[in-house]
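Have a look at the structure below, then the notes.
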Amino acid sequence: MIILLIPVRCFTCGKTVAHVYEEFVERIKEGSEQEDPKEVLDDLGIKRICCRRMLVTHVNLVDDIINFY
Amino acid sequence: MISVRIIQQTPDDMMFILSGTTAAFANTLRRIILSNVPQLAIEDVIIVENNSPFTDEFLAHRLGLIPLRSDSDFLVLPDECECGGVGCSLCSVTLTLSVETADEGMIVYTRDLESQDPMTVPVHQEIPIVQLGPQQKIILEAVAFLGIGKDHVKFQPVATVGYQFMPSITLDSNKCSDCKECQNACPRNVLEVENKQLSTRNILNCNLCQLCVDACEDDAITVSGSEDSIIFRVESTGGIDTERIVLKAAEILKEQALEFEGLLKELPLEK
């Protein structure tokens with residue numbers, strides 16, 4: 001299955017993760033203010049490995065497919 | 001006699017120590033929190049128009065998982081409502097979403113949901129629901145009901161809830177040879193060795209992994225869980241405060257026990 005948008009909740013524990021996704025991506029973006037993803041996740045309150053992988057491994061495919069609709 | 005000592009408490013996180021009880025009781029409490037404490041979530045979605053790249057069922061699923069916060073205590077479970085679960089103002093809240101894009105696409109967030117009841121709003125305002133391209137439109141009506149975790153996880157008031165035995169660590173500094181192996185082995189940094197003096201800091205972090213016991217060659221450490229003292233942790237999704245979740249669970253447990261007692265009394269027991 002292809003996950004187009006960031007899932008609302010963590011698959012394993014059910015914690016809401018979608019609301020921090022954009023801030024996470026913004027803060028780890030390459031540039032002068034780039035931060036360590038590990039510290040960003042800690043700061044956002046995403047502590048467990050199950051929730052962390054939701055954010056770390058997500059590829060936002062909507063951005064690619066939206067042009068064909 | 002059960003006693004409760006709160007260690008840490010915020011609306012989203014709570015940790016307390018239950019003592020004078022058994023793991024069976026803590027587990028009962030955990031299971032009631034998971035499956036019987038009512039929480040509000042979107043159950044019915046009426047889609048009027050949707051020409052976004054996402055299917056109707058995808059949208060409905062995402063809407064369902066959004067945690068809703070309701071500060072009004074008047075809502076009742078649909079099964080217990082006078083309307084019989086059809087959805088009246090006593091048991092349901094309607095939220096509407098209507099967005100249209102012109103020449104540029106946009107992301108639709110939970111903040112775009114308009115609630116009929118200002119007291120009932122999504123917990124987080126920044127959850128992306130869908131992404132729209134140019135000239136696309138979504139009009140829908142979502143009806144939220146109270147429900148229980150037994151029926152669907154979206155009705156679960158907590159993300160995680162769990163317990164562990166209270167660690168009891170005995171240290172014998174006389175046997176210590178100051179090798180510091182135990183200190184290095186501990187993944188939670190509980191142990192401290194200084195001049196052959198063993199000590200613990202923040203014992204609640206210990207997860208009873210026994211790595212320090214295995215690392216210590218002098219048998220100076222024993223780690224065990226004390227059976228009548230339990231560390232209980234509750235983490236809310238934000239819909240209901242943790243304190244209310246635990247109180248509600250206790251209330252439900254009492255109700256169930258009373259109901260069971262009543263049923264037992266009706267039985268023709270042999271004497």
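Read-outs throughout are calculated quantities, based only on the coordinates presented, and are distinct from any laboratory measurement. All of these numbers come straight from a predicted model, not from anything done at the bench. Don't worry about glycine lacking a Cβ; one is built from the backbone with ideal geometry, like all the others, and counts go over all protein chains shown.
Side notes on the structure shown:
- Sites B:SER173 and B:SER35 - FRET efficiency at Förster radius 51 Å, r taken between beta-carbons, to 0.05: 0.65
- An oblate overall shape is assigned to segment A:18-68, the ratio a/c of its alpha-carbon gyration tensor axes (a ≥ b ≥ c) being 1.5 or greater and a/b not exceeding b/c.
- Taking the convex hull of the alpha carbon positions in the protein assembly as shown and averaging its projected area over all directions gives 25.7 nm².
- Local electrostatic count, B:ILE32, Cβ distance below 13 Å [Lys/Arg +1, Asp/Glu -1]: +3
- Virtual paramagnetic centre 7 Å along Cα→Cβ of B:SER224, amide N under 14 Å, in segment B:190-214: none
- As a rough footprinting exposure proxy, the listed residues B:PHE54, B:PHE145 were ranked by other beta carbons within 10 Å of their own, and the order from fewest upward is B:PHE54, B:PHE145.
- Annotation for B:ALA102 and B:ASP71: the two label points, set 7 Å from Cα along the Cα-Cβ direction, are 3.6 nm apart.
- Gyration tensor verdict on chain B (Cα atoms; rounded if a/c is under 1.5, prolate if a/b is larger than b/c, oblate otherwise): oblate
- Using alpha carbons only, the radius of gyration of segment B:59-213 set against its Kirkwood radius gives Rg/Rh = 1.29.
- Subtracting the Cα-Cα distance of B:GLN256 and B:ASN51 from their residue separation scaled by 0.36 nm leaves 69.0 nm.
- If R0 is 56 Å, the Cβ-Cβ spacing of B:GLN135 and B:ARG244 corresponds to a FRET efficiency of close to 0.80.
- Note on B:125-135: average number of Cβ atoms from other chains within 10 Å of each residue's Cβ is 5.
- The ranking of B:VAL161, B:VAL86 from fewest to most other beta carbons within 10 Å of each one's beta carbon is B:VAL86, B:VAL161.
- Cβ crowding within 10 Å, taken as a proxy for footprinting-reagent exposure, orders A:VAL59, B:VAL45, A:VAL25 from fewest neighbours to most as A:VAL59, A:VAL25, B:VAL45.
- Inter-label distance, B:GLU80 to B:PHE165: 3.8 nm, where each label sits 7 Å from its Cα along the C-beta direction.
- Sparsely packed GluC sites (Glu not before Pro) within segment B:112-203, loop by DSSP, other Cβ within 10 Å at most 13: none
- The calculated FRET efficiency for the pair A:VAL56 and B:SER199, based on their C-beta separation and a Förster distance of 35 Å, comes to about 0.45.
- Long-range HN-HN contacts of B:VAL158 with modeled amide H, under 5 Å: B:THR237
- Prolate/oblate/rounded call for segment B:7-138, Cα gyration tensor, a/c under 1.5 rounded: prolate
- For B:LEU140, neighbours were defined as the other residues whose beta-carbon sits under 9 Å from its Cβ, and their charges (Lys and Arg +1, Asp and Glu -1) total -3.
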